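The values are calculated or read from the model by the stated rules, or taken from the named source; none is laboratory data. What you see is a predicted model; the values in this text were computed from it and never measured. For neighbour counting, all protein chains shown are included, and Cβ atoms are generated from backbone atoms with ideal geometry for every residue, glycine included.
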Amino acid sequence: MSQTPPAVSIAALQGQAARPPARPSYEALRVFARNPSALAGVLLLAAILAVTLFGPMIMQADPFEIAGAPMTAPGADALLGTDYLGRDVLTGMVYGGRATLLVGVVAAVLSMAIGLTVGALAGYYGGWIDETLMRITEFFQVLPTLLFAMVLVTLFSPSLATIAIAIGVVSWPGTARLARGEFLRLKRREYVLAERVIGAGDARIIWRVILPNALAPLIVSATLAIGTAILFEAGLSFLGLGDPNIMSWGLMIGSNRPYILTAWWAVTLPGAAIFLTVLAVSLIGDGLNDALNPNSRGRA
């Protein structure tokens with residue numbers, strides 16, 4: 001004679017059946033929110049963005065204007081001191097952050113667009129298309145990236161647009177290889193084959209079926225690409241290849257580098273701003289990597 005299950009067990013089972021499974025996006029957000037390093041990166045980046053975006057509206061100053069005696073140490077006359085020309089370092093840092101961050105974001109977007117397109121086409125079609133695109137990728141990958149960017153900026157005159165394009169053009173091969181690997185892994189899945197059976201075109205399968213399922217590692221790569229682009233811009237400006245008409249953190253470091261021993265603040269403080277920005281982006285990228293990794297979500 002069968003026994004009726006206890007009422008408590010039936011209620012528990014009913015509650016489990018009524019409760020919908022957690023969505024992957026919610027699980028990823030939960031894992032990210034429980035990562036102290038990732039939250040610290042978000043707060044740090046938010047503070048930097050707030051200063052660079054809203055600071056110029058409050059200060060209403062010219063970063064190239066002479067504000068005092070050259071190489072004045074930080075103090076009452078100038079909170080963060082002045083550079084070798086007498087320009088206020090604080091004003092330069094507030095205004096220079098806009099150009100530096102803009103170059104980083106634009107260069108990262110361009111790098112992701114090129115790398116994703118090349119990798120997606122190579123991984124999806126395979127054959128001679130894959131061979132050709134991968135040989136092109138290898139050619140760009142073996143080139144010295146900073147030297148190649150210097151050549152491009154020198155040929156087309158240094159400006160923010162030229163710098164951003166040059167950084168994007170030289171830094172896409174890693175993204176291309178990552179995208180190719182994801183497309184090779186996913187193009188044989190059942191849902192992709194089902195789309196082919198119902199007559200979906202290649203463009204739809206690539207961009208609307210496979211790409212959304214390959215986004216997790218590509219999002220992490222995009223965040224890290226921003227930090228790399230910021231360092232590239234600083235390096236080019238340090239070598240005298242920055243836009244001399246637009247203040248940026250790299251331009252501040254490059255123009256003041258001969259006076260680093262006598263006016264260390266004019267080089268160290270913009271360098272610290274670059275370091276903190278790249279650190280924040282890296283912490284966010286690591287947090288996204290853990291959050292979007294199914295194995296990490298399972299352990300959380």
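Residue 193: in a helix (DSSP H, G or I), crowded, with 19+ Cβ neighbours inside 10 Å and over 23 Å from the mean Cα position of the chain (by Cα), yes or no?
No.
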(message) From the list 79, 13, exactly one residue is over 21 Å from residue 250 (Cβ atoms), surrounded by fewer than 13 Cβ atoms within 10 Å (Cβ to Cβ), touching a helix residue (DSSP H, G or I) at 6+ places or on another chain (Cβ under 8 Å) and modelled with pLDDT under 90. Which is it?
(response) 79
(request) Determine whether residue 211 is at pLDDT 85 or above, under 17 Å from the mean Cα position of the chain (by Cα) and outside any loop (DSSP other than H, G, I, E, B). (result) no
(request) Find the residue count for the stretch 114-154, including only residues that are among the hydrophobic types (A, V, I, L, M, F, W, C), out of contact with any Gly (no Cβ under 9 Å at 6 or more places or on another chain) and farther than 21 Å from residue 99 by Cβ. (result) 16
(message) Looking at the stretch 186-216 only, could you name the residues that are touching a residue at least 60 places away in the same chain (Cβ under 8 Å) and farther than 17 Å from residue 114 by Cβ?
(response) 187, 202, 205, 210, 216
(request) Specify which of the listed residues (198, 230, 205) is more than 18 Å from the chain's Cα centre (by Cα), β-branched (Val, Ile, Thr) and farther than 20 Å from residue 121 by Cβ. (result) 198
(message) I'd like the residue in the stretch 47-57 that is farther than 16 Å from residue 272 by Cα and not aromatic (Phe, Trp, Tyr) and, out of all such residues, is surrounded by the fewest Cβ atoms within 10 Å (Cβ to Cβ).
(response) 57
(request) Enumerate the pairs (first residue in the stretch 132-144 and over 14 Å from residue 115 (Cα atoms); second residue anywhere and part of a helix (DSSP H, G or I) and aliphatic (A, V, I, L, M)) with beta-carbon separation below 8 Å, excluding pairs fewer than 6 apart on the same chain, so at least 6 apart or on different chains. (result) 143/170
(message) Regarding the stretch 87-96, can at least one residue be identified that is part of a loop (DSSP other than H, G, I, E, B) and hydroxyl-bearing (Ser, Thr, Tyr)?
(response) no
